Amino acid sequence: MASRTSKAVPVFNTSVKTLQEVVKLGKSEELSNRQLFARLQVDPKTVDRLDMLRLGSEKQGRFERKKWFRYEEPEVKLPHVSFFAGAQVVSSFPHESLPEVGIVGRSNVGKSTLVNQLCGSSAARVSDKPGLTQQINFYTADNDFHLVDMPGYGFAYAKEDAQKHWLPLIESYIRERKTLRRVLVLLDARHGIKANDREFMALLDRTHTKYQLILTKCDLVHRIDLAKRHLLVSQEVDKARNCIPRVMMLSAKHGAGLNELRKEILHTCSLGQKYLGTHKKKEAIAQAEYFEQLKVYKDTARAKKRRHTLLLSQLSLTLARSRATTRGIALGRNYSAQIGAAATAASPLPNTLQQKWESAHAKNPAFAVERDLPTPKNRKREIGLFMVFATITWGAGSIIAFNYQRMTSTPVTAALFTARHNDEVRETLGSQLNFTSSFPWISGDISHLKGFVEVEFDVVGDKGLPGRLVLKSRRTGKQNGEWKTTEFYIAMADGRKIDCGE
């Protein structure tokens, strides 16, 4: 059965039995695992909670309205974590002094990354290659508890002898450790529970060890699929003897769900009163504010949807009526023209034409009225106004772009920098000399090709006195010749000129 499941859906690892138990099938129905997964019905409350905690990816439509608010979750901080000890054999285990929380899972599921993200440190080494952790690492959290990072099971870039040694070492630790409060079993949210995970869960059940399942890498799964995965894993958790019924979800990359796991660890180690304090009250206030804004968002979304539906229905009805009226007028003109021609020729009307006319006149009297068809609207004036508007917009944009280019050019910035360091300018205007506005108008022109710079712009110092900086410079020779400044001064409002040259 396992081989058939892997061939049908390579990335789908939830057991077929669990799927068939959740999805109600008819007697003659035979569906694949992927079809069974698509039929799963999730609880809307679970999806709303995932949305609140920003867990799972979500593709937003092009015209879908974005939320203007978010759940500001109160942060929970764990004590500072540092490396305490490493053990490759049972005799190297440290003394049992503090409560311990173990972290285990398949290779490359994110155990060491989770240790760093939980405590905001870089004590644990991380790598993209599976199998970097090859011993049981103990991390102490301010002498309050220990986080224990165990080697991963499954595929790893390590020697086979070393991998065969890991599982007995982990089993010895789980069996003999009396201070072990709980084991966190990490599962990849994209795959769910695999065969190796079930074997390790069976080991924990045999040793009567409390453990809890954590779905990681939730940012790589669509929100609806994540809710379905959570449902399937929860169904299997109910069958386990020593597993905590609450299945947690998190994303170490984005930090979503980490606060929930921090609170769980603190309560497991009996440290809730010491570190959480008034957190429950803050969390209740934040959730109340979020749900209030969510209610407003949903109400306005429903009203907007109803309004759009009404407008679309009215528009379609108007178009249908317009087409029917136009067609009816055209038919009426055609029939009356044929009747008039027949009467002029003093010849009787054909029965078919007479019948058509009578039936059309009985259904719609407007057919017998001579009315002109609607003439198309003259668009020349509108096109001309649009061209004028586009020309004005293009011209204004070009002027603004050229002025910005002059404002950020080397001569202007160098002149302003030089004037700032002039003693007389600093004494008169102040030590800080700047443009009068964030986007000033630069008069004159700059041409490196022709070899001249003639610019003027308004400046103001920190003393509040305005002035106008004038710079005129020309190139004496050809393109590589020297530049000679002829005028460089600041004209004050009272008529004075402050020479800024050397």
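The values are calculated or read from the model by the stated rules, or taken from the named source; none is laboratory data. All values reported here derive from a predicted model rather than from experimental measurement. All Cβ positions, glycine included, derive from the backbone under ideal geometry; neighbour counts span all protein chains shown.
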The correct count of residues that are in a strand (DSSP E or B) and in contact with a Gly (Cβ under 7 Å, 6 or more places away or on another chain) in the range 202-258 is 5
For the range 444-484, give me each residue that is over 53 Å from the mean Cα position of the chain (by Cα) and surrounded by 16 or more Cβ atoms within 10 Å (Cβ to Cβ).
475
Taking residue 394 as meeting all but one of (1) farther than 19 Å from residue 466 by Cα; (2) without any contact (Cβ under 8 Å) to a residue 40 or more places away in the chain; (3) in contact with a strand residue (DSSP E or B) (Cβ under 6 Å, 6 or more places away or on another chain), write down the number of the exception.
(3)
Among (1) over 28 Å from residue 96 (Cα atoms); (2) surrounded by fewer than 16 Cβ atoms within 10 Å (Cβ to Cβ); (3) touching a residue at least 24 places away in the same chain (Cβ under 8 Å) - the single one residue 193 does not satisfy
(2)
Of the numbered conditions (1) surrounded by 19 or more Cβ atoms within 10 Å (Cβ to Cβ); (2) at pLDDT below 90, residue 261 satisfies every one except a single condition; which is it?
(2)
Against the condition under 35 Å from the mean Cα position of the chain (by Cα), over 21 Å from residue 254 (Cβ atoms) and at pLDDT 80 or above, how does residue 91 come out, does it pass?
no
